[in-house]
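The values are calculated or read from the model by the stated rules, or taken from the named source; none is laboratory data. Bear in mind the structure is a predicted one, so any value in this text is a computation, not a measurement. Using ideal geometry, Cβ is built from the backbone for each residue, glycine included, and neighbour counts are taken over all protein chains shown. Ligands, DNA and RNA are excluded from the accessible area calculation, which covers all protein heavy atoms including side chains. Shrake-Rupley method; radii C 1.70, N 1.55, O 1.52, S 1.80 Å.
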Amino acid sequence: MSGRRSLVWLGLTPEPERELPVTVAALRTAVRRAADAPEAATRAERRRVERLVMHGTQRGWLRYLAEVTGLVTAVAGGTRPGDRQAALLAAEVVLDHHRMLIGLPGPGYGRTAADRTALESAVRALRAAPPDGDRG
C-alpha cells in the first residue's frame, strides 16, 4: 500500500456523526435523560467527532468508538448511571457501524470483534430494561 492514508472508512460515518454527539455527551455526563445533557458537552462531543472524521484515521475513529462502547456497557451493566435509552441508541449505532466493517479492506472488522460482542450483550440488557428507566 502506498504512503497515502486510507479514507475508505469515512463511508461508514454519517449515522455515527449524526447520532453520537448528543448521546455520548449524555453518557459522559451521566444525566438521566439525553435531553438534559449540557449543551457545552454536546458541542464538545460534536467537535471531537468532526475532528476525528476530518483529520483523523480509522484507528483513531475506532478508538473513539471503543470509548463509546465502554460507556454503553457500563450503563447497561449498572456500573455507571445514565440514560439507558441514550445508551441503547449509541450501542445500536456503533454495532451497526462495526458490522459494516466486514465490507472494508483492512483489519477494522477483526479489531472490533470484542466490542461487537460487548455491544450485542449491552443491547440485549438495555432492551430488557424497564421502559420507565428505573434501573438508570
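Yes or no: the stretch 75-82 includes at least one residue that is open to solvent by less than 10 Å² (accessible area, probe 1.4 Å) and polar (S, T, N, Q).
no
Can you tell me which residue among 71, 27, 65, 101 is in contact (Cβ under 8 Å) with a residue 40 or more places away in the chain and more than 30 Å from residue 130 (Cβ to Cβ)?
101
Out of 46, 32, report the one residue that is among the charged types (D, E, K, R) and either touching a Pro at 6+ places or on another chain (Cβ under 6 Å) or open to solvent by less than 30 Å² (accessible area, probe 1.4 Å) (or both).
Details: 32 fails: either touching a Pro at 6+ places or on another chain (Cβ under 6 Å) or open to solvent by less than 30 Å² (accessible area, probe 1.4 Å) (or both).
Result of the check over 46, 32: 46.
Out of the stretch 23-36, which residues are on the phi < 0 side of the Ramachandran plot and either among the polar types (S, T, N, Q) or at pLDDT below 95 (or both)?
First, the residues of the stretch 23-36 that are on the phi < 0 side of the Ramachandran plot: 23-29, 31-36.
Correct list: 23, 29, 31, 32, 33, 34, 35, 36.
Conditions: (1) surrounded by fewer than 20 Cβ atoms within 10 Å (Cβ to Cβ); (2) touching a residue at least 12 places away in the same chain (Cβ under 8 Å). Residue 54 meets all but one. Number of the miss?
(2)
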